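Visitor: Please see the structure below; I have some questions.
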Amino acid sequence: MKTFFKVINQGTPFGVTKQDGTTLNKCQIVLQEFGGKYENSYVCNLIGNSALLKFYPGDLILAALTFKHNEYQGKFYQDINVQDIVSFTSH
């Protein structure tokens, strides 16, 4: 999914250790579609260098999201990752 979003919130980046022992940065960002306060919103993962970018509530961004599921101990979880992100708001 590629579309414009409004930033609702962004969490603090933290390190995640991959299976090969390397560490990468990760944080969560909440994005909402345009159209009003009841539009669809998504809790997404920013991974790698993108997690170090700082976005503020109300920022206008263009993002490409990927959706996939993971299974852990017999339960399924939805993962939404930000593949690419561009901000149209300058601070």
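The values are calculated or read from the model by the stated rules, or taken from the named source; none is laboratory data. Everything quoted here is computed from the prediction, not taken from an experiment. Cβ placement follows ideal geometry from the backbone for every residue including glycine, while neighbour counts extend to all protein chains displayed. Just the protein is used for accessible areas: all its heavy atoms, side chains included, with ligands, DNA and RNA removed. Shrake-Rupley method; radii C 1.70, N 1.55, O 1.52, S 1.80 Å.
Visitor: Given a 1.4 Å probe, how much area per residue of the chain is accessible, in Å²?
Guide: 69
Visitor: In whole Å, what are the Cα extents of the chain along the three principal axes, biggest one first?
Guide: In descending order, the Cα extents are 39, 29, 19 Å.
Visitor: Using a Cα distance threshold of under 25 Å, what count of lysine pairs results for the chain when pairs must be 8 or more residues apart or interchain?
Guide: Going through the chain pair by pair, I get 17.
Visitor: Here is a follow-up. When the dipole is taken about the Cα centre of the chain, and only Lys, Arg (+1) and Asp, Glu (-1) are charged at their Cβ, what size is it in debye, to the nearest 20?
Guide: Its charge dipole is roughly 100 debye.
Visitor: Ignoring ligands, DNA and RNA, please state the percent of accessible area on the chain from carbon and sulfur, probe 1.4 Å.
Guide: Ligands and nucleic acids excluded, carbon and sulfur reach 51 percent.
Visitor: Which trypsin sites (Lys or Arg not before Pro) does segment 1-59 hold that lie in a coil by DSSP with at most 14 other beta carbons within 10 Å?
Guide: Counting only loop positions with at most 14 other Cβ atoms within 10 Å, the trypsin sites (Lys or Arg not before Pro) in segment 1-59 are 18, 37, 54.
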